[in-house]
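Have a look at the structure below before the remarks.
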Amino acid sequence: MPGLKRFSGMTRLRKVKENTALKGGVEISEPEEYLPQVQELKHVFGVDEETELDIIHRRMGGKQSDLPLAQRVLGWKQKEIPNASLPEAVVYDYLKLSGRKFIYQYMAFGGRSTKGGLVPDFLVDNNGEWLVWNVQGEYWHSDAINENKDASFRFRILGSIIMGMKVQQVVELWERDIYQQRPMIWELAWGGRGMRE
């Protein structure tokens with residue numbers, strides 16, 4: 001079948017195992033009923049189920065040299081930052097290994113619960129002043145509406161005082177650059193610049 005690359009629904013099916021329910025008057029059956037058909041489809045199309053690690057590694061580019069990073073990122077997502085996006089988890093890993101002081105998703109000015117609140121992805125201590133590192137996904141931040149929101153965020157947070165330290169610079173770290181331009185992206189970010197500025 002054109003476009004069929006992976007069958008990734010099995011993990012979700014297994015997690016619903018104990019939760020049979022009615023949806024729209026139709027009973028959702030136990031996943032075990034479908035396992036033989038799924039196995040047959042996987043065999044026919046030569047598709048193996050991907051593990052979460054495989055998915056992370058593939059999205060990062062799939063280079064063998066990135067496998068240890070993918071393993072660490074999976075660990076962070078499972079233990080410390082379960083709601084982080086994949087590129088945020090890669091930045092988190094870099095900052096953890098660097099030993100520098102940083103705060104992930106600080107609720108500035110009341111955060112998401114307050115009108116006008118902000119949530120920078122990373123506040124990074126840069127010699128007593130904050131650098132804000134905002135991770136930008138290629139899909140979500142490339143349209144005009146989100147570009148305006150990002151510009152508004154930058155304008156409102158730049159120069160503010162958070163926890164007694166001034167926000168010195170706002171740096172946009174783009175998803176593709178995080179995956180493909182390491183370590184250059186980190187060097188520029190420490191200097192207060194993104195790769196696309």
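Please tell me which of these pairs span more than 24 angstrom C-alpha to C-alpha: 79/101; 77/101; 101/166; 77/149?
Details: 79/101 19 Å; 77/101 19 Å; 101/166 15 Å; 77/149 27 Å.
Checking Cα-Cα distances, 77/149 exceed 24 Å.
Put a dot 7 Å past each Cα toward the Cβ at residue 96 and residue 197; how far apart are the dots in nm?
Here the answer is 2.7 nm between the modelled labels.
What net charge do the residues around residue 167 carry, taking every other residue with its C-beta under 11 Å from that of residue 167, with Lys and Arg at +1 and Asp and Glu at -1?
Values: positive: 154, 156, 166; negative: 129.
It works out to a net charge of +2.
What does the charge dipole of the stretch 52-190 about its Cα centre add up to, to the nearest 20 debye, if the Cβ of each Lys and Arg holds +1 and the Cβ of each Asp and Glu holds -1? Show your work: numbers first, answer last.
Numbers: 17 positive and 17 negative charges, 69 e Å.
That gives the stretch 52-190 a dipole magnitude of about 340 debye.
Quote the FRET efficiency, to the nearest 0.05, computed for residue 59 versus residue 161 with a Förster distance R0 of 30 Å and r equal to the Cβ-Cβ distance. If you can, show how the numbers build up before the last one.
Details: r = 37 Å, r/R0 = 1.22.
Between residue 59 and residue 161 the formula returns 0.25.
For a Förster distance of 22 Å, can you work out the FRET efficiency between the beta-carbons of residue 107 and residue 129, rounded to the nearest 0.05? Display every interim value, and only then the final one.
Details: r = 20 Å, r/R0 = 0.89.
So, using R0 = 22 Å, E works out to roughly 0.65.
Where does each of 133, 186 land when they are ranked from fewest to most other beta-carbon atoms within 10 angstrom? Don't skip to the answer; put the middle values down first.
Values: 133 26, 186 17.
Going from sparsest to densest Cβ surroundings: 186, 133.
Quick note: the coordinates plus some simple rules give every number you see, no bench work behind them. Since the structure is predicted, the reported quantities are computational estimates derived from the model, not experimental observations. We place every Cβ from the backbone using ideal geometry, glycine too, and count neighbours over all the protein chains shown.
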